[in-house]
Each structure stands twice: as C-alpha cells, then as structure tokens.
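Visitor: I'd like to ask some things about the structure below.
The values are calculated or read from the model by the stated rules, or taken from the named source; none is laboratory data. What you see is a predicted model, and the numbers here were worked out from it, not measured in a lab. Counting neighbours? That spans all protein chains shown, and the Cβs are built from the backbone with ideal geometry, glycine included. When the accessible area is computed, the model is the full protein with side chains, heavy atoms only, and any ligands, DNA or RNA have been set aside. Shrake-Rupley method; radii C 1.70, N 1.55, O 1.52, S 1.80 Å.
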Amino acid sequence: MINEVNSRTAEEELQQGDVLELATGEGTPWNRHLLVVTADCDLAYNKHSGRITCIPLLSPNEYLLEIYFPEQHGILQKTHVEAFKAALSEAGLRPPSNERLVAWCNEVDDPTEVSLAYEVPPPTTQLLQDACEGIRIATRRWTTVQNATTDLVRSQNLIQTGRKPDSLLKEAKKAIKQRFTQPRGDSLFLNAIAPGYEEGYFAYLRHIEQVWEQSITLVPSRAAGGYRRIGALSERFSHAVVQRFAMVFMPIGLPDEYEETRNAYAERLEEQLH
C-alpha cells in the first residue's frame with residue numbers, strides 16, 4: 001500500500017508538502033487545513049519574506065458544496081434563464097435582463113407571482129413558473145450533500161420534464177462519483193493528509209492562502225493560536241500536487257487570430273510538401 005503521508009518531528013524545519021491545521025476556532029473550508037506549496041529553496045534562503053503560500057485541503061463534503069454543486073446549479077440556472085426569456089420572446093413579449101430576472105425570481109414568495117405577471121396562455125405560464133423555480137433553486141445555499149443533490153435532480157427535472165427523477169438521480173450520483181475517480185485538473189483527491197487524518201480530502205489548486213511563518217507552530221500539541229503542523233504528504237504526493245498547482249496557472253490563452261494564422265501556415269507548409 002502506498003504511503004501518502006508522513007509524520008514530522010519538532011526538529012524538522014517547515015517544508016513544502018507540510019500540512020497545517022488551524023489551531024483555534026472553526027475557520028472556513030478555505031483555511032481549516034492547508035498544504036504548504038512554498039518551495040524548499042525559498043524557505044531555505046528566506047526568499048518568501050515570511051509568507052507561506054498554501055492551498056486548501058477540503059473534505060469531500062466541503063468540496064462538493066463549495067465547488068461542485070454551485071458549478072452544476074450555475075449551469076442549470078443559465079438554462080432556466082434562457083428558457084424563460086425564449087418563452088417570452090416567442091409570445092411576443094420583451095424579457096427582462098438576466099440580472100433582473102434572477103433577482104425577481106428570488107424576491108417573490110412564490111414563483112407563480114412571476115409567471116402570472118405576464119398575460120400568456122397556460123402552457124407558457126407553466127413554463128415560466130418552472131424556469132423561475134429552477135432559477136430560485138440555483139441560488140440556494142446548501143448545508144448537506146443530500147439536499148444539494150435533491151435540488152439538482154429537481155432542477156434538471158424542471159427542464160427535462162419527460163425524464164423520471166430516478167433516472168436523473170442515477171446520473172447525478174454517477175457524475176459525483178466521477179469527481180472522485182476522475183477529478184478535474186484544478187483538484188486532486190487524497191485519501192489522507194496527515195497521520196490520523198484519513199477521511200479523504202480534495203487539494204483545491206485555484207484558491208491560495210498565505211500564512212505568516214511566525215504564526216505556525218511545528219509541534220501540534222503546543223499550538224496556542226495560528227496554525228500547527230500536523231504532518232506532511234509523502235514526497236511523491238507532495239510533488240504531484242505542486243506539479244498540478246503549477247500547471248493550473250501555467251497555460252496562457254492566445255487570441256483566435258493567432259490560432260487561425262498558425263493553422264494557415266501549417267496548411268501552406270502541407271501544400272508545399274510532395
């Protein structure tokens with residue numbers, strides 16, 4: 001079995017791959033557990049000016065509630081907004097702006113208040129009501145994965161009215177599972193982050209936290225405030241996370257015109273070859 005984590009002694013200096021835990025208070029998902037990504041050479045030669053660069057280590061529930069579900073519901077909200085506006089346009093009515101529509105749907109006590117504001121036939125009224133409800137669902141704040149999943153299925157069902165909820169739920173569960181087995185490039189699933197911390201975590205690479213080095217205690221039991229080091233990722237996993245972290249920020253997008261010119265050059269070269 002591959003060892004993902006190492007323990008640290010008080011005599012060992014702070015290193016890249018060390019895992020820090022907030023010593024006091026609940027904190028937030030973004031600062032409760034952090035992975036040090038500052039390079040060892042920067043630490044050795046004090047190039048970091050006392051600032052330790054870290055990325056958050058989220059529990060699976062935190063990752064799903066903070067990253068996955070807002071993303072999925074955001075996609076569905078866009079679909080509901082487009083459906084609402086398309087229905088009004090087809091009825092010859094001018095739809096509100098996207099921002100105003102989202103605000104309006106969340107201001108009312110019941111989505112029927114929005115749909116009944118327009119004099120349209122019943123089928124269109126129902127379509128507007130469903131779209132408004134979908135918009136409202138997307139702006140909720142969930143506290144459990146179960147509630148977020150239930151709302152996701154409900155929102156999809158408002159669009160795909162012919163689908164059975166059980167079928168949509170099966171697809172939703174499969175997609176959630178895929179985030180663990182095939183995580184996106186901006187995250188990496190870890191089984192453990194330190195000895196005794198083995199409930200599963202996501203290293204999320206797009207969020208950066210900086211911690212003052214003087215606020216970090218290298219002995220967990222002695223931390224009175226700030227952060228305490230609780231262990232470290234093994235070298236193999238630490239390097240894998242840091243490599244992915246660098247790759248997230250490495251790509252630089254270039255304009256479409258560049259790609260078109262590049263492709264034209266390649267085509268001319270191809271034509272010249274015999």
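Visitor: Restricting the first residue to region 18-35 and requiring it to be without any contact (Cβ under 8 Å) to a residue 60 or more places away in the chain, which pairs with a second residue that is not hydroxyl-bearing (S, T, Y) meet a Cβ separation below 6 Å and a spacing of at least six or different chains?
Guide: Correct list of pairs: P29/L58; P29/E62; P29/E66; R32/L22.
Visitor: For region 26-67, how many residues are small (G, A, S), more than 17 Å from the chain's Cα centre (by Cα) and open to solvent by less than 50 Å² (accessible area, probe 1.4 Å)?
Guide: 3
Visitor: Among the residues of region 194-203, write down those that are under 20 Å from the mean Cα position of the chain (by Cα) and open to solvent by less than 10 Å² (accessible area, probe 1.4 Å).
Guide: G200, F202, A203
Visitor: Filtering region 1-14 down to residues that are within 17 Å of V241 (Cβ to Cβ) and out of contact with any Lys or Arg (no Cβ under 8 Å at 6 or more places or on another chain), which residue is modelled with the lowest pLDDT?
Guide: Residue satisfying both the conditions and the ranking: N3.
Visitor: For residues in region 243-265 being at pLDDT below 75 and aliphatic (A, V, I, L, M), which is farthest from A39 (Cα to Cα)?
Guide: Among them, the one singled out is L254.
Visitor: Could you list, in sequence order, the residues of region 72-103 that are under 25 Å from T150 (Cα atoms) and open to solvent by less than 50 Å² (accessible area, probe 1.4 Å)?
Guide: Listed by number, the residues that qualify are Q72, H73, G74, L76, Q77, H80, V81, A83, F84, L101, V102, A103.
Visitor: Here's something else I'd like to know. Output the number of residues of region 220-239 satisfying the condition of being under 26 Å from the mean Cα position of the chain (by Cα) and among the polar types (S, T, N, Q).
Guide: 2
Visitor: Considering only region 185-193, I want to know if a residue exists there that is exposed (fewer than 13 other Cβ atoms within 10 Å of the Cβ), out of contact with any strand residue (DSSP E or B) (no Cβ under 9 Å at 6 or more places or on another chain) and outside any helix (DSSP H, G or I).
Guide: Within region 185-193 (the criterion being exposed (fewer than 13 other Cβ atoms within 10 Å of the Cβ), out of contact with any strand residue (DSSP E or B) (no Cβ under 9 Å at 6 or more places or on another chain) and outside any helix (DSSP H, G or I)), the answer is yes, since at least one residue qualifies.
Visitor: Enumerate the helices (runs of 4 or more DSSP H) found wholly within region 1-102, keeping only those where 3 or more residues are in contact with a Ser or Thr (Cβ under 8 Å, 6 or more places away or on another chain).
Guide: Where helices (runs of 4 or more DSSP H) fall fully within region 1-102 and carry at least 3 residues being in contact with a Ser or Thr (Cβ under 8 Å, 6 or more places away or on another chain), they are 69-90.
Visitor: Of these, Q182, Q214, Q210, which one is modelled with pLDDT of 95 or more and either polar (S, T, N, Q) or loosely packed, with under 13 Cβ neighbours inside 10 Å (or both)?
Guide: Testing whether each residue is modelled with pLDDT of 95 or more and either polar (S, T, N, Q) or loosely packed, with under 13 Cβ neighbours inside 10 Å (or both) leaves just Q210.
Visitor: Further, regarding this structure: Could you name every one of the helices (runs of 4 or more DSSP H) located completely within region 110-183 that has at least 3 residues being under 30 Å from L93 (Cα atoms) and among the aliphatic types (A, V, I, L, M)?
Guide: Per the criteria, 122-138, 145-159.
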